[in-house]
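See structure below.
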2 protein chains.
Amino acid sequence: MARRAGSDGAKTAEAIRAAGLRLIFEHGYEGMSLRDLAEMVGVQPGSLYNHIATKQALLFELLSGHMRTLTAALDEALAGVEGPLARLDAFVDFHLRYHLTRKMEVFVNNSELRSLEPRNRAVITGLRRDYERRLADILAEGAADGVFTVPDVKVATYAILAQLTGVVGWYAPDGRLSEDEVVALHYQLVLRGIRESAQTIRP
Amino acid sequence: MARRAGSDGAKTAEAIRAAGLRLIFEHGYEGMSLRDLAEMVGVQPGSLYNHIATKQALLFELLSGHMRTLTAALDEALAGVEGPLARLDAFVDFHLRYHLTRKMEVFVNNSELRSLEPRNRAVITGLRRDYERRLADILAEGAADGVFTVPDVKVATYAILAQLTGVVGWYAPDGRLSEDEVVALHYQLVLRGIRESAQTIRP
């Protein structure tokens, strides 16, 4: 019985996170009420507190969970991939495909940093830096090898991330372009942006 | 006296827009209360309605006002500039500098499309398309001239806009880089991204 209750508890906690993400996506953190959250999950408002300590804790769990899962998945995608060109290719491929199916996570992560308490915000900022550093390292390695021309690694890192993540805002799975086409088009844009000449240096 | 009242009325309306922008930036549209807005402006809640019809009308006015002013300013920046390379340069320069001083407008325009009623959202979407079309036209002209290589004008347009607007999220006027340096670094990234070879084709 205890085991079954544990399993139901885990399911309820997961349902709360999913509903919380959707409600914050649709209404904003301040616009989301815990009453609506309880209703969407199908529990009494009071029993939410068996699963989340506060609304702030829920937001922090959503944002930190997203960042930790993202970075772990990136590390898996980059594992064993050698050389800056191949690693950049793997990064672009991973970052695009991972985010294309996570529109709500991307939006909430970008729009609700404002709603984090300072200590929580510092943690999320640190997790973002960890993720960004992996791309910055690829660019710096390529620049050191003479494969890339990157006058400012930090600016190029932010520029590439903004360009790739921006796709989430307009991409429609049933639209004109397949995911593979979107990935190929962006890899080309990113790669050209940091190479002295696309004609003289080839992967 | 009537004239003076009119002038005060215009000042109050402007103060309401400025306070509304800040409150939506900080709390989200749903999280902003008209009571807080009245308090920030220093008027009675009831007298807000002498200036704005509804909270929705205020949001629509903020977003549409931003888009119309932006596109008019772009047209001014591009006026008389000939040829796709010079026009792209002017576009990048304008878009970056204009947005760097409008962090709140950029954030609210990107995060609160969700809060617009369908008819209002259609208007804003149309205004965004108008603005995007100007960049798309530059890219298409350059591709037709053989100056740019753009396999997909729409994707390149969105990619460039996301890359440039993303700067607003991290740029600090008192930071490491001057505005001129940020503009130059991005012009280089953008230009390389759409040119077959930076070595064989020069402006």
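The values are calculated or read from the model by the stated rules, or taken from the named source; none is laboratory data. For clarity, every value in this text was computed on a predicted model and none was experimentally measured. Cβ coordinates were reconstructed from backbone atoms using ideal geometry, including for glycine residues, and neighbour counts include every protein chain displayed. All accessible areas refer to the heavy atoms of the entire protein, side chains included, with ligands and DNA or RNA removed. Shrake-Rupley method; radii C 1.70, N 1.55, O 1.52, S 1.80 Å.
Within the option set A:138, A:160, A:194, being over 18 Å from the mean Cα position of the chain (by Cα), hydrophobic (A, V, I, L, M, F, W, C) and at the interface with another protein chain (Cβ under 9 Å from one of its Cβ atoms) holds for one residue only, A:194. Within the range A:121-172, the set of residues being closer than 21 Å to residue A:75 by Cβ and among the acidic types (Asp, Glu) comprises A:130, A:132, A:137, A:141. Among the conditions (1) farther than 24 Å from residue B:184 by Cα; (2) surrounded by 15 or more Cβ atoms within 10 Å (Cβ to Cβ); (3) within 17 Å of the chain's Cα centre (by Cα), residue A:166 misses just one, which is (1).
Collect the residues in the range B:39-85 that are among the hydrophobic types (A, V, I, L, M, F, W, C) and in contact (Cβ under 8 Å) with a residue 40 or more places away in the chain, keeping them in residue-number order.
Of everything in the range B:39-85, those that are among the hydrophobic types (A, V, I, L, M, F, W, C) and in contact (Cβ under 8 Å) with a residue 40 or more places away in the chain turn out to be B:58, B:59, B:60, B:62, B:63, B:67, B:70, B:74, B:78, B:85.
Every listed requirement among (1) closer than 14 Å to residue B:187 by Cα; (2) under 21 Å from the mean Cα position of the chain (by Cα); (3) modelled with pLDDT under 95 is met by residue A:172 save one, (1). Does residue A:146 satisfy the condition of being open to solvent by less than 40 Å² (accessible area, probe 1.4 Å), small (Gly, Ala, Ser), more than 11 Å from chain B (Cβ to nearest Cβ) and over 22 Å from residue B:163 (Cβ atoms)? Spelling it out, it is not the case that residue A:146 is open to solvent by less than 40 Å² (accessible area, probe 1.4 Å), small (Gly, Ala, Ser), more than 11 Å from chain B (Cβ to nearest Cβ) and over 22 Å from residue B:163 (Cβ atoms).
Among the candidates B:127, B:116, B:177, which residue alone is within 14 Å of another protein chain (Cβ to nearest Cβ) and closer than 22 Å to residue B:67 by Cβ?
Just one listed residue meets the conditions, B:116.
Contact annotation: no residue pair with Cβ atoms under 8 Å, 6 or more positions apart or on different chains, pairs a residue in the range A:9-25 that is farther than 17 Å from residue A:35 by Cβ and in contact (Cβ under 8 Å) with a residue 60 or more places away in the chain with a partner that is of a type in the set (Val, Ile, Thr) and not in a helix (DSSP H, G or I). Checking each residue in the range B:116-147 for being out of contact with any Phe, Trp or Tyr (no Cβ under 7 Å at 6 or more places or on another chain), modelled with pLDDT of 95 or more and not in a helix (DSSP H, G or I) picks out only B:117.
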